[in-house]
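Some notes on the structure that comes next.
The values are calculated or read from the model by the stated rules, or taken from the named source; none is laboratory data. Fair warning: this is a prediction, and the values are worked out from it, not measured in the lab. All Cβ positions, even for glycine, are placed from backbone atoms using ideal geometry, and neighbour counts span all protein chains on display. Quick note on the areas: whole protein, heavy atoms, side chains included, nothing else; ligands and nucleic acids left out. Shrake-Rupley method; radii C 1.70, N 1.55, O 1.52, S 1.80 Å.
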Amino acid sequence: MSRKLVLDYISLLWTFCVIHTGMSGSLEDTKRLFKDKVEPLNPRIRPLLNQSETIAVSFLCHISAVTDFDETLQKVSMTSWLDVKWRDELIAWNASGYGDVTKISPHPDDIWRPNVAVDGTFGGAELVGDDTIIIIVNNKGDALWTPGIKSETFCRVDISKYPFDTQVCKIDFFNWGTISGELSLSSDGIDTSHFYRNGEWDLIDTSGRDFIIEYNDGEYSKPHVEITITIKRRPSTICLTVILPVILLSLINVCAFIIPAESGEKLSFSVTVLLSLAVFLSFINSLMPQTSETISYLSIWISSQLVLSSVVVLLASINLAIHHGQIKSGKTNKAFDRALMWMTHKAVDDSNYPAKENHMFHSASDKFDRKCLWIIFGLTISIMLLFFVALIV
């Protein structure tokens, strides 16, 4: 028998015991209890015998799932529920006087309950719960209300380390419309035991804090409880479909300087790699989160590889022009004379090595290829290392 099944059996047994012991009185006892304790209540009056005191409300937040995370809209969607607790002194009763009835479930509109709302949602501040969620009250006046929440709240996104990014999102609960000193709101913690794992995100940390914001020189106040969740993206899919292909294309791009100029395939190869990289990068960018708040290091790396591939096409074209003698040396092109002398280690006016002979241009072309190979390869590896170092730091 699985652990989950055992827990379900225990939960059902506990519920049966609560109902059995709590509703052990007769129908007449329960009707009399509702008539004596529930019907006289005014849900707009705080359930305190001394109205100058502060009613303490606490809740335990059960996070069920992170259903969606939209980087473009900077929106996180979550499902959760709250165990809201407070002490209702006006409804407390002596169980022996009502047939040992210890628990009742009055309609939410019949007794006082806190106006808990969620701030920072895309539809504005939204009240938690509705009239269909029951409230359980025991004979001591302890009330338990368990509203469910499906929230879509704003979350500031930092995609600089995408796809190895970690996002920190906050959910702000507060009590709406409270005069200072009437109510205090606190957190009993965060429960993740019922959390369903998301296919893209892992929940790695949770925390909570409570604070009060006052208005009109302290006449009104809003008690707040801020729940913070930290989620980390699972990068395996992005690594296989994005990062690995870009690494391979970057290394293949360098191979343009290995192909001999005589083959006639040097320029076509470099252009093909450039077009392949451009098409592939347009597809990658459609998958990546688009936001102007931060720039992903992955986007910078991919763009740099596209620029480097364009440089390779340019260098391949120059190499072919040198190889076929289309760039002539002479008095009108002193810069090219110096370049030939640097690449071939021969003076252009050397009688044993005439500048107009084809083998000088072929030698210069080969030297040009070797130097470009190491320069472009070094730049490719350096940019790649910078990318991975930026992700780690």
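Here are the numbers for this structure:
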{"read-out": "Residues with amide H under 5 Å from that of Ala65, placed H, sequence gap 5 or more", "value": "Thr79, Tyr196"}
{"read-out": "Mean-position separation - Cα centroids, the range 182-220 and the range 23-53, in angstrom", "value": "31 Å"}
{"read-out": "Amide H within-cut-off set for Gly189, under 5 Å, with H built and near neighbours excluded", "value": "Cys61"}
{"read-out": "Among the listed pairs Lys161/Lys222; Lys170/Lys232; Lys35/Lys150; Lys85/Lys150, those beyond 26 Å (Cα-Cα)", "value": "Lys161/Lys222; Lys35/Lys150"}
{"read-out": "Virtual spin-label span in nm between Phe34 and Ala92, 7 Å along Cα→Cβ", "value": "2.4 nm"}
{"read-out": "Whether the range 64-132 is rounded, prolate or oblate, judged on the alpha carbon gyration tensor where a/c under 1.5 counts as rounded", "value": "prolate"}
{"read-out": "Whole-Hz ³J(HN,Hα) from phi, Karplus 6.51 cos²θ - 1.76 cosθ + 1.60, for the range 234-239, glycine and proline x", "value": "8, x, 4, 5, 5, 5"}
{"read-out": "J(HN,Hα) series, the range 182-197, from Karplus relation 6.51 cos²θ - 1.76 cosθ + 1.60, nearest Hz, glycine and proline x", "value": "7, 8, 10, 10, 9, 10, 8, x, 10, 10, 10, 5, 9, 6, 8, 5"}
{"read-out": "Carbon + sulfur, % of accessible area of the range 183-287 - ligands and nucleic acids excluded, 1.4 Å", "value": "59 percent"}
{"read-out": "Rule-of-thumb Rg ratio for the range 47-189 [Cα; 2.2 N^0.38 Å; N residues]", "value": "1.28"}
{"read-out": "Average accessible surface area per residue within the range 180-261, 1.4 Å rolling probe, Å²", "value": "53 Å²"}
{"read-out": "HN-Hα J in Hz across the range 117-127 - Karplus 6.51, -1.76, 1.60, θ = phi - 60°, x for Gly and Pro", "value": "10, 10, 9, x, 7, 6, x, x, 5, 10, 5"}
{"read-out": "Isotropic mean projected area of the C-alpha convex hull, the range 179-225 (nm²)", "value": "4.8 nm²"}
{"read-out": "Interchain or long-range residues, amide H under 5 Å from Ser180's placed H", "value": "Tyr220, Ser221"}
